[in-house]
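Q: Please read through the structure below; I'll follow up with questions.
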Amino acid sequence: MAATTMDRFAGLGLRHWRPQQRDDGVLVLYFDRADAAVNAFSQDALIELGGALERIALELPKALVIASGKASGFIAGADLKEFQEFDRKGTVNDAIARGQRTFQRLAELRCPTVAAIHGFCMGGGTEISLACRYRVASSDASTRIGLPEVQLGIFPGWGGSARLPQLVGAPAAMDMMLTGRALSAKAARGIGLVDKLAEPAALIDTAAALALKGTKRPLKQRMLAWSTNTFAARKLLAPQMAKQVARKAPKAFYPAPYALISTWQRSAGKGIGARLAAERKAVVKLAGSSTARNLIRIFFLTERMKALGKGDAGIRHVHVIGAGVMGGDIAAFAAYKGFEVTLQDREQRFIDAAMTRAQALFEKKVKDAGKRPAVAARLKSDLDGAGVADADLVIEAIIENPDAKRDLYNAVEPRLKAGALLTTNTSSIPLAELREHIARPAQFAGLHYFNPVAQMPLVEIIRHDGMAADTERRLAAFCKALGKFPVPVAGTPGFLVNRVLFPYMLEAATAYAEGIPGAAIDKAAVKFGMPMGPIELIDTVGLDVAAGVSKELAPFLGLEVPAALATVEAGKRGKKDGQGIYAWEKGKPKKPELPSGYVAPEDLEDRLILPLLNEAVACLHAGVVSDADLLDAGVIFGTGFAPFRGGPIQHIRATGADALLARLQALQAKYGERFAPRPGWDQPILRTPTV
């Protein structure tokens, strides 16, 4: 660091910011958060930045470049752990105000300012870049720019919502903020968020040159930004935005996107000070909501699950046996994610059908048509099972029949190479029943995916008492490489997700058999916050699959199976046949209209949801998962359980365990022993205060 640069910042004791004076008169201020692998804004880092900007304002350089001192990326956003503490202490307003004040100080500097972006640029990272006059982004594929705060139950509060619509126009800005989607550098350049792209090695030089030379935005971009923020545009666009959001996020459950739209509509025509004040007021209110607290908690649960997959899985070649819907899709997704995959079945026609589905997946996921042949080449048809001998991981995905699975293992295991893992995708069969006659039980496990494979983010790693710890670690690392969340669970019937979900689906089928319309049942579940109703879900997974799970789980849980799930007619298995409980057309159910004036029973929601909560309590009590947090994460990502409620255990804490237990006992008295409280309702953790 040059002496003049050191003098300028003398006495500040900078730990997180590293200034560097260039020969061309440009000052580069590198964010390099101390004792952290990734840049995230702590209040200390903001306070330091504020002090540095004060000094810069007193002695202006020719230009200022804000850059990252870490190879991992630009800035990940705010420090969420610190943010949680502010919420507990009631000091969120101070934290938001400090960020706004600091970034506004940057925006008011009387010299050109440029953000030099590489890698991830999220949340507060994007917001500090918006406070700069210009933005340059690295052109490599790793650069992603986004404002994902809505996924945490809030919206950008350090000036992002106040500045972005004025820069790129309301439609593009609101789409970014309402969806939380991150843009590539090229896409960000396309909407005017980024002014220039640069090769990674030339990023700082390009940013400095742009700062000194300047640039003028195209007239079309400037006109779009102005015209879409006028009073007339806001009056027209805001209701349309709210209507689009309502299709996916009910206002009662997810208030953040609606608050963002309202704040933009009311303040977009005002000055920056008024826009920042409106932003701060709305975000502080949202941050104190249970939705935000639960969504932030879920964010940390995802980080915990990702951490389970540390290290190299030692898996390059995957062999899948069973080319049905699940097996074929497991194979296709692994190939898409970069693994060499061989797919085996007893007849070529099953493999051919799976390969056709795989091509459809590749066309959807691989946007660059020129890269699709290489992806497709990683998936190979293997009728004779030659790939077994070379595989690092074998995934069995045949019918839910213990004898058939054991016979297959006896044939496959002798052909495995040393170190190869043998796994089953069984959805309900206890591993104790399957590991009999397994020669290497330490390298045998369950690897339970959910349908549809390409969309569902969870994979259960099923344990048994003879499984090696390294097997679990390798499988977790494999899941991470797939972009999936691994949750280790005990190998008892139904494991975690199906065991918790089964009583909910069974009660829905029972209510349907009693004459309650399917549409009314589904409506009650969606009103609670489930992504789809249980009758639609039964049709989606398939009545045949539901029947198979029923056969395994009903005796274990002491439940009776209604006729709709006990006997499944050929050609009427649900969505895949176009006919089940509902008729299906173009992938959507045709639900009969409810009779005029129909009113669902008052206790219908309790009948559906309380059995799910009851079994979640039993799973926690029985140690199916190691703790309540993993249980909540598994059920949220495996079933879609209302994320804003934080998971079954979190919902029990928030609602009150004793109140829910009393409602369960009332159902027991009215409907019978299927509602009897399961063991575990006396667990202290159910009465722990919510975060």
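Q: For the range 285-305, enumerate the residues that are touching a Phe, Trp or Tyr at 6+ places or on another chain (Cβ under 7 Å) and closer than 25 Å to THR471 by Cβ.
A: Within the range 285-305, THR302, MET305 meet the criteria.
Q: Among strands (runs of 3 or more DSSP E) lying entirely in the range 133-249, which contain 3 or more residues that are farther than 25 Å from ILE272 by Cβ and out of contact with any strand residue (DSSP E or B) (no Cβ under 6 Å at 6 or more places or on another chain)?
A: Details: elements: 134-138, 144-146, 196-198.
The strands (runs of 3 or more DSSP E) meeting that bar number zero.
Q: Right, here's the next one. Looking only at helices (runs of 4 or more DSSP H) that fall completely inside the range 516-557, which ones have 2 or more residues that are basic (Lys, Arg)? Walk me through how you get there before you give the answer.
A: Values: elements: 518-528, 534-541, 543-557.
Here the list reads 518-528.
Q: Do we have any residue at all in the range 426-440 that's closer than 19 Å to ALA313 by Cα and of a type in the set (D, E, K, R)?
A: From the range 426-440, those closer than 19 Å to ALA313 by Cα are 440; that's our starting set.
Still in the running and of a type in the set (D, E, K, R): 440.
The answer is yes, given that some residue of the range 426-440 is closer than 19 Å to ALA313 by Cα and of a type in the set (D, E, K, R).
Q: Output the residues belonging to the range 444-465 that are touching a strand residue (DSSP E or B) at 6+ places or on another chain (Cβ under 8 Å) and either surrounded by fewer than 18 Cβ atoms within 10 Å (Cβ to Cβ) or among the hydrophobic types (A, V, I, L, M, F, W, C) (or both).
A: Here is the first cut: in the range 444-465, the ones touching a strand residue (DSSP E or B) at 6+ places or on another chain (Cβ under 8 Å) are 444-450, 457-464.
Correct list: PHE444, ALA445, LEU447, PHE450, PRO457, LEU458, VAL459, ILE461, ILE462.
Q: Tell me the residue from ALA249, ALA256 that is aliphatic (A, V, I, L, M) and in contact with a Leu (Cβ under 7 Å, 6 or more places away or on another chain), please. Before the answer, list the steps.
A: Values: ALA249 fails: in contact with a Leu (Cβ under 7 Å, 6 or more places away or on another chain).
Testing whether each residue is aliphatic (A, V, I, L, M) and in contact with a Leu (Cβ under 7 Å, 6 or more places away or on another chain) leaves just ALA256.
Q: Okay, next question. Can you tell me how many residues in the range 558-573 are farther than 26 Å from GLY491 by Cβ and part of a loop (DSSP other than H, G, I, E, B)?
A: Qualifying residue count, the range 558-573: 8.
Q: May I ask you to list the residues in the range 519-576 that are modelled with pLDDT under 85, surrounded by fewer than 16 Cβ atoms within 10 Å (Cβ to Cβ) and farther than 24 Å from MET326 by Cβ?
A: ALA563
Q: Residue under question is ARG349, and the condition is that it be more than 21 Å from LEU421 (Cβ to Cβ) and either touching a residue at least 24 places away in the same chain (Cβ under 8 Å) or not aliphatic (A, V, I, L, M) (or both); does it hold? Even if it seems obvious, please write down each step before you answer.
A: Details: more than 21 Å from LEU421 (Cβ to Cβ): yes; either touching a residue at least 24 places away in the same chain (Cβ under 8 Å) or not aliphatic (A, V, I, L, M) (or both): yes.
Considered against the rule, which asks whether it is more than 21 Å from LEU421 (Cβ to Cβ) and either touching a residue at least 24 places away in the same chain (Cβ under 8 Å) or not aliphatic (A, V, I, L, M) (or both), ARG349 comes out as yes.
Q: Are any residues in the range 409-443 under 21 Å from ALA554 (Cβ atoms) and either outside the structural domain of CYS479 (by TED's automatic domain parsing) or surrounded by fewer than 21 Cβ atoms within 10 Å (Cβ to Cβ) (or both), and if so, which ones?
A: Once the filter is applied, which keeps residues that are under 21 Å from ALA554 (Cβ atoms) and either outside the structural domain of CYS479 (by TED's automatic domain parsing) or surrounded by fewer than 21 Cβ atoms within 10 Å (Cβ to Cβ) (or both), the range 409-443 yields PRO430, ALA432, GLU433.
Q: Suppose we filter GLY558, GLY542 for residues that are in contact with a helix residue (DSSP H, G or I) (Cβ under 7 Å, 6 or more places away or on another chain) and in the same structural domain as TYR671 (by TED's automatic domain parsing); which single one remains? Lay out the reasoning, then the answer.
A: On the way: GLY558 fails: in contact with a helix residue (DSSP H, G or I) (Cβ under 7 Å, 6 or more places away or on another chain).
GLY542 is the lone residue from the list that is in contact with a helix residue (DSSP H, G or I) (Cβ under 7 Å, 6 or more places away or on another chain) and in the same structural domain as TYR671 (by TED's automatic domain parsing).
Q: Restricting to the range 379-397, what's the tally of residues that are buried (at least 21 other Cβ atoms within 10 Å of the Cβ) and either assigned to a strand (DSSP E or B) or in contact with a helix residue (DSSP H, G or I) (Cβ under 7 Å, 6 or more places away or on another chain) (or both)?
A: Total satisfying the criteria: 7.
Q: So which residues in the range 627-657 are assigned to a helix (DSSP H, G or I) and free of Cβ contacts under 8 Å to residues at least 12 places away in the same chain?
A: THR655
Q: Somewhere in the range 599-612, is a residue buried (at least 21 other Cβ atoms within 10 Å of the Cβ) and in contact with a Ser or Thr (Cβ under 6 Å, 6 or more places away or on another chain)?
A: no
Q: If you scan the range 75-95, which residues turn out to be more than 29 Å from SER138 (Cβ to Cβ) and either touching a Cys at 6+ places or on another chain (Cβ under 6 Å) or of a type outside the set (D, E, K, R) (or both)?
A: Correct list: GLN84, PHE86, GLY90, THR91, VAL92, ASN93, ALA95.
Conditions tested, residue by residue: (1) modelled with pLDDT under 95; (2) over 25 Å from PRO457 (Cα atoms); (3) under 26 Å from the mean Cα position of the chain (by Cα).
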{"position": "GLY597", "(1), (2), (3)": "yes, yes, no"}
{"position": "LEU604", "(1), (2), (3)": "no, yes, no"}
{"position": "VAL617", "(1), (2), (3)": "no, no, yes"}
{"position": "LEU620", "(1), (2), (3)": "no, no, yes"}
{"position": "GLY647", "(1), (2), (3)": "no, no, yes"}
{"position": "GLY656", "(1), (2), (3)": "no, yes, no"}
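Q: Test THR510 against the criterion of being under 29 Å from LEU308 (Cα atoms) and either modelled with pLDDT under 90 or more than 24 Å from the chain's Cα centre (by Cα) (or both), and give yes or no. Before you say what the answer is, go through the steps one by one.
A: Values: under 29 Å from LEU308 (Cα atoms): no; either modelled with pLDDT under 90 or more than 24 Å from the chain's Cα centre (by Cα) (or both): yes.
It is false that THR510 is under 29 Å from LEU308 (Cα atoms) and either modelled with pLDDT under 90 or more than 24 Å from the chain's Cα centre (by Cα) (or both).
Q: Mind listing whichever residues of the range 16-38 are in contact (Cβ under 8 Å) with a residue 12 or more places away in the chain, out of contact with any Asp or Glu (no Cβ under 7 Å at 6 or more places or on another chain) and assigned to a loop (DSSP other than H, G, I, E, B)?
A: First, pick out the residues of the range 16-38 that are in contact (Cβ under 8 Å) with a residue 12 or more places away in the chain: 16-22, 24-34, 37-38.
Narrowing the set further to residues that are out of contact with any Asp or Glu (no Cβ under 7 Å at 6 or more places or on another chain) leaves 19-22, 24-34, 37-38.
Passing the criteria: ARG22, ASP24, GLY25, ASP32, ARG33, ALA34, ALA37, VAL38.
Q: Can you tell which of LYS586, LYS591 is among the basic types (Lys, Arg), under 14 Å from ASP522 (Cα atoms) and in the same structural domain as ALA616 (by TED's automatic domain parsing)? Let's see the steps before the verdict.
A: Values: LYS586 fails: under 14 Å from ASP522 (Cα atoms).
The conditions single out LYS591.
Q: Report yes if some residue within the range 146-157 is modelled with pLDDT of 95 or more, under 30 Å from GLN21 (Cα atoms) and assigned by TED's automatic domain parsing to the domain that holds PRO257; otherwise report no.
A: Looking for residues that are modelled with pLDDT of 95 or more, under 30 Å from GLN21 (Cα atoms) and assigned by TED's automatic domain parsing to the domain that holds PRO257, one finds at least one in the range 146-157, hence yes.
Q: Being in contact with a strand residue (DSSP E or B) (Cβ under 7 Å, 6 or more places away or on another chain) and either hydroxyl-bearing (Ser, Thr, Tyr) or touching a residue at least 40 places away in the same chain (Cβ under 8 Å) (or both) is the filter here; which residues of the range 539-563 pass it?
A: Pass one, the range 539-563, residues in contact with a strand residue (DSSP E or B) (Cβ under 7 Å, 6 or more places away or on another chain): 539-540, 542-543.
Matches in the range 539-563: ASP539, THR540.
Q: Which condition from (1) assigned to a helix (DSSP H, G or I); (2) over 24 Å from PHE495 (Cβ atoms); (3) touching a residue at least 24 places away in the same chain (Cβ under 8 Å) is the one that GLN665 breaks?
A: Condition (3) is where GLN665 drops out.
The values are calculated or read from the model by the stated rules, or taken from the named source; none is laboratory data. Here the structure is a predicted model, which is why all the values come from computation and not from measurement. FYI the Cβ positions are ideal-geometry reconstructions off the backbone, even for glycines, and counts take in every protein chain you see.
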